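In what follows, a single structure is set out as structure tokens and then discussed.
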Amino acid sequence: MQAEVSGTGAAPEEAPLVVEDAEAQRSKRQRPLDHHTRQIPRLRLLGMILLAVVTFLQCGLIAGVIPWRRLAWVSGGSLAYSLASWWVLRRWFARVTAVNLGTVFLAVDLLWFAGMIWVSGADRSWLVLVLLVRVADQTNTSLADAGDLPCAPPLVAVGPGPSVSAPPHKEGERSDRHD
């Protein structure tokens, strides 16, 4: 059945019509649960894997030195964090009401981004641009849901200031000795 939307001449989107009020309420509660406990954790895991690969490429191809030990720690840590956050969200997202655990983990993601940026050369790394991804991620999120997340990437990028930068690399020194 195709009905016209008043005044637009366009057919409405095809979506299942829920007539029962109880069913509509259950569906309304289930959508954010699925979003925060299935979709976002999958994307977080995929994103951390891609970020680890890009960090490796940044170090090897652009910086010319791969800090293997630091790269292994931050990559392994980010993957463990992704899996642990997925488990926490699946187990406690619906139970914890004082704070939105999904938003908490979105903020903590930035610390892992900062770790990858530091490993890849800190202020000399092109991965600083990855922080803009977090701002772009929140374009479809309401201000109430996103909170202060759009403000966080610039703070992570600035961090504690110029005192934190990647250790200098000496000429002729092997890459595995930078750790």
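If I filter the range 81-101 down to residues being of a type in the set (Gly, Ala, Ser) and modelled with pLDDT of 85 or more, which single residue comes out as nearest to GLY47 (Cα to Cα)? Lay out the reasoning, then the answer.
Of all residues in the range 81-101, those of a type in the set (Gly, Ala, Ser) come to 82, 84-85, 94, 98.
In the following step, the residues that additionally are modelled with pLDDT of 85 or more were identified as 82, 84-85, 98.
On the way: SER82: 9, ALA84: 15, SER85: 14, ALA98: 27 Å.
Once the filter is applied, the top-ranked residue is SER82.
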Fill in: Checking LEU143 against (1) modelled with pLDDT under 55; (2) on the phi > 0 side of the Ramachandran plot, the condition it does not meet
(2)
Discussion item. Consider the range 49-103. How many of its residues are of a type in the set (Val, Ile, Thr) and assigned to a helix (DSSP H, G or I)?
Written reply: 8
Fill in: Answer residue from the range 2-42, given it is of a type in the set (A, V, I, L, M, F, W, C) and within 29 Å of the chain's Cα centre (by Cα) and is modelled with the highest pLDDT among those
ILE40
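The values are calculated or read from the model by the stated rules, or taken from the named source; none is laboratory data. Model, not experiment: these values are computed from the prediction.
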